[in-house]
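Structure, as structure tokens:
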Amino acid sequence: MRPRRPLRKRWSPALLSPLILTVVITCLAFSTPRKVAFSRLLTAVPALAASVWPVLPTVLLGAVCVAIMIGLSLVYPDLGTWFTVGAIAAVTVAAAYACHVRILREQAFLQLRLVADAAQKVLLRPLPRRVGRLEIESMYVAAAAQACIGGDFYEVVATPYGVRLIIGDVRGKGLPAVGAAAAVVNCFREAAYDEPTLEDIVRRLDTSSTRHSCTQPGEDLLEQFTTVVLAEFPHQGDCLRLLNCGHPPPMLLRGGELRVLAPSTASPMLNLAALIGTDYTTDTIVCAPGDQLLFYTDGVIECRNCEGEFFALQDWMRRQDPDSPRALLDRLHRDLLRHGGGLSDDVAALAVRVRGTARGETA
């Protein structure tokens, strides 16, 4: 689809400002004494138009300003009209060129946004709201205002072994972080169906992440680590299996009581297995119907206010009622922005509520 040009956009005060300025200057020029010479301010009108209008309207407005000056010369013959007309013409030519360059950049930026949106749908594709006996909602907020994706990622898949999910954070920012995140997510989507245990999945993730890091020239492999949490909700039984590789621990809310699901034994982050080893530990937690879980990245707990205080996620979770996952994430997003006024790091979160039966079953 061809990008729309600014002239086709809905009119707004900013878009009308060149016309408003033209009318104001014209009225002042005709209603004030000649020695005040408000007419010379017409040279600024094409420059203003170039910042918000396409090329043709900018040129036409410059021609209107020239016509105004010619009409003004009939009222004040000794005004020095041709000097101002020449200045308006020169500014109009320069403004038209600047406007052309601006539109090309806007179109290039729009194309980049379209590519970023497509990449986001591949990396962070929309999750189903119900998977088996789980209600799941997701949230992703980029720290940069114009960014769509970054190094935070998540995925949920239903497999023969149960519902499996991953949430993680790649060290670094920019395109290298996005590429590393994509390598991990794509590997998880395949391994989650094939591997019988979470330990087998994370070994494949580590291999995929390391191979991707080796393709990045000039980077130290030990500095390209990735933190992840893998979770498995078996189809049968009220339990949850967790494997945490250096990631902030999930939180479990049950009957108003909060439990931080910290790992019993630390497992190495991705890309560090060659240095630390492959001793991965899976913890099993009782998970009953009605439980609410929050998986998140470090952008949540590292959000600071103007006084340098971190967002107290545990205290915040204790104040939450067992509500829907969507309502929980909406409140979290609102309170993060209220606490920090803005985000210094990307934020990703998954809210999961366990139900008693799977879709299609009766309670």
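Please work out if Val64 is in a helix (DSSP H, G or I), closer than 25 Å to Arg102 by Cβ and modelled with pLDDT of 90 or more. First the steps, then the outcome.
Working: in a helix (DSSP H, G or I): yes; closer than 25 Å to Arg102 by Cβ: yes; modelled with pLDDT of 90 or more: yes.
Answer is yes for this residue.
So which residues in segment 179-198 are in a helix (DSSP H, G or I) and either among the small types (Gly, Ala, Ser) or surrounded by fewer than 19 Cβ atoms within 10 Å (Cβ to Cβ) (or both)?
Keep residues of segment 179-198 that are in a helix (DSSP H, G or I), which gives 179-194, 198.
Within segment 179-198, Gly179, Ala180, Ala181, Ala182, Ala183, Asn186, Arg189, Glu190, Ala191, Ala192, Tyr193, Asp194 meet the criteria.
Every residue, every condition in (1) of a type in the set (Val, Ile, Thr); (2) farther than 22 Å from Leu124 by Cα; (3) in contact (Cβ under 8 Å) with a residue 40 or more places away in the chain, yes or no:
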{"site": "Val163", "(1), (2), (3)": "yes, no, yes"}
{"site": "Asn186", "(1), (2), (3)": "no, no, no"}
{"site": "Thr197", "(1), (2), (3)": "yes, yes, yes"}
{"site": "Asp206", "(1), (2), (3)": "no, no, yes"}
{"site": "Pro263", "(1), (2), (3)": "no, yes, no"}
{"site": "Ala266", "(1), (2), (3)": "no, yes, no"}
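The values are calculated or read from the model by the stated rules, or taken from the named source; none is laboratory data. Just so you know, these numbers come straight off a predicted model, no measurement behind them. Counting neighbours? That spans all protein chains shown, and the Cβs are built from the backbone with ideal geometry, glycine included.
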